[in-house]
Amino acid sequence: MVNLRCALYDIPIVELPARLVAIGIKGFKSNEVVKWCYERKVASFAEMTTLSLTEREILAGNFILTTLSIEQEHRSPDATRKFLLRLSDGKCVESVLIPESDRTTLCVSTQVGCPVRCAFCASGLYGLQRNLTCGEIVGQFMAAARASTTRLSNVVIMGMGEPFYNFEAVMQAIGLWHTAPGLEIGLRKITLSTIGVAGLLDKIFSAPWQPKLAISLHAPSDDLRRVIIPHDHALGVREIIAFIRRYNSEIGQRVTVEYVLLDKLNASAAEAHALARLLRGLDIKVNLIPLNPVAEISYAAPSPTAIARFADILSQYGITNMIRAQRGDHISAACGQLRLNSI
Ligand code: SF4
């Protein structure tokens, strides 16, 4: 039987009151529904106890509140929690909850699988299966928020998938996180990460929301970048530098450059010097990401000494950089690993 009910988290917040009125949920009761969904983050309409039984039945007859469920949870001693989420069609995605002293960050997925197939990543091993809906992207946040003892303060769109291949749904999700009463996450606390897709990256200039932007560069030359990101539609290094220059001047914001460090591939002193020369003069900061080991992938992280040397060379050129702490190693916290183990 075809299910004609609409996922509630697929509806933009400004349209929700009218949609509720249309099914007979009137006036202040529609505010109640918004509160139950976004402030209290309930998992079912039955929990909306300030509404009458009839109103709850009307809601359940017209909308779906949860379109995914936590299938597995893995906890690391460093407090990182990784969720494997089952979607209504049986497919799985992952999200990772990262509690820190001053913030709690959720890393969300935007696609099932990924068409980009980066050489170091488990998510791309079997290519793309489908895009996630806005409701499924926001649903990851709601499921994690219910499981978390602290408020989710930050979102990074860096999980499974290339967000610019699902741009409209991603922008709609950012709009909900930023504007829904009870969430209201600042745009500087939402990070959108991309490899830089030709013909799509420029969409950010006319996007309805301007979150922080991170670009995965991973190499100072096109030849090396093609080995690490073997995707026909990935922009070349010079095009990415030109984009960053334009972004700095038109949007007026810094770009984070992501650089995964792979032993014997892109982490030598020569590559550090080349990267620094490439990035000089741009408003950027570099996130150096030692590879999280993936059993199916033969690359490894460089030694701590090699990682520190790479960072030092960037600093000598005045390039702001940080080495991202490896978190959740033993719970397969690298992108796509948990899902890989489940298929
Ligand atoms: S690192 Fe990101 S873009 Fe690359 S294959 Fe994995 S999910 Fe896709």
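Worth a mention:
- Within the range 100-127, considering residues that are within 9 Å of the ligand (Cβ to nearest atom) and part of a strand (DSSP E or B), the one farthest from Thr194 (Cα to Cα): Gly113
- One residue alone among Glu100, Glu47, Glu55 is free of Cβ contacts under 8 Å to residues at least 40 places away in the same chain, open to solvent by 10 Å² or more (accessible area, probe 1.4 Å) and within 19 Å of the chain's Cα centre (by Cα), and that residue is Glu100.
- Options Ala147, Ala169; residue that is touching a residue at least 40 places away in the same chain (Cβ under 8 Å) and either over 14 Å from the mean Cα position of the chain (by Cα) or not assigned by TED's automatic domain parsing to the domain that holds Ile297 (or both): Ala147
- Boolean, Arg151 is at pLDDT 95 or above and either open to solvent by 30 Å² or more (accessible area, probe 1.4 Å) or outside any loop (DSSP other than H, G, I, E, B) (or both): yes
- Restricted to the range 1-85, the set of helices (runs of 4 or more DSSP H) holding at least 2 residues that are of a type in the set (Val, Ile, Thr) comprises 28-34, 53-62.
- Hits in the range 128-144 (condition: open to solvent by 20 Å² or more (accessible area, probe 1.4 Å) and either away from the ligand (no atom under 16 Å from the Cβ) or out of contact with any strand residue (DSSP E or B) (no Cβ under 9 Å at 6 or more places or on another chain) (or both)): Thr133
- Single residue of Leu265, Leu278 found to be out of contact with any strand residue (DSSP E or B) (no Cβ under 8 Å at 6 or more places or on another chain), assigned to a helix (DSSP H, G or I) and touching a residue at least 40 places away in the same chain (Cβ under 8 Å): Leu278
- Cβ-Cβ distances below 8 Å connect the following pairs, each with a first residue in the range 180-195 that is within 13 Å of the ligand (Cβ to nearest atom), a second residue that is of a type outside the set (Phe, Trp, Tyr) and open to solvent by 40 Å² or more (accessible area, probe 1.4 Å), and a separation of six or more residues or different chains: Leu192/Lys212; Ser193/Met158.
- Just one of the listed residues (Val33, Val21) is modelled with pLDDT of 95 or more, among the β-branched types (Val, Ile, Thr) and either open to solvent by less than 80 Å² (accessible area, probe 1.4 Å) or under 23 Å from the mean Cα position of the chain (by Cα) (or both), and it is Val33.
- Every residue from the range 253-262 that is open to solvent by less than 10 Å² (accessible area, probe 1.4 Å) and assigned to a loop (DSSP other than H, G, I, E, B): Leu262
- Taking the range 235-252 as the range and being in contact with a helix residue (DSSP H, G or I) (Cβ under 7 Å, 6 or more places away or on another chain), open to solvent by less than 90 Å² (accessible area, probe 1.4 Å) and either touching a residue at least 24 places away in the same chain (Cβ under 8 Å) or of a type in the set (Asp, Glu) (or both) as the test, the residues that pass are Leu235, Val237, Ile241, Phe243.
- Boolean, Ser95 is part of a strand (DSSP E or B) and within 17 Å of the chain's Cα centre (by Cα): yes
- The residues of the range 212-245 that are more than 16 Å from the ligand (Cβ to nearest atom) and in a helix (DSSP H, G or I), listed by number, are Asp222, Asp223, Val237, Arg238, Glu239, Ile241, Ala242, Phe243, Ile244, Arg245.
The values are calculated or read from the model by the stated rules, or taken from the named source; none is laboratory data. Predicted model, so just to flag it, every value in this text is computed and none were measured. Quick reminder, even Gly has a Cβ in these numbers, built from the backbone with ideal geometry, and neighbours come from all protein chains shown. Quick note on the areas: whole protein, heavy atoms, side chains included, nothing else; ligands and nucleic acids left out. Shrake-Rupley method; radii C 1.70, N 1.55, O 1.52, S 1.80 Å.
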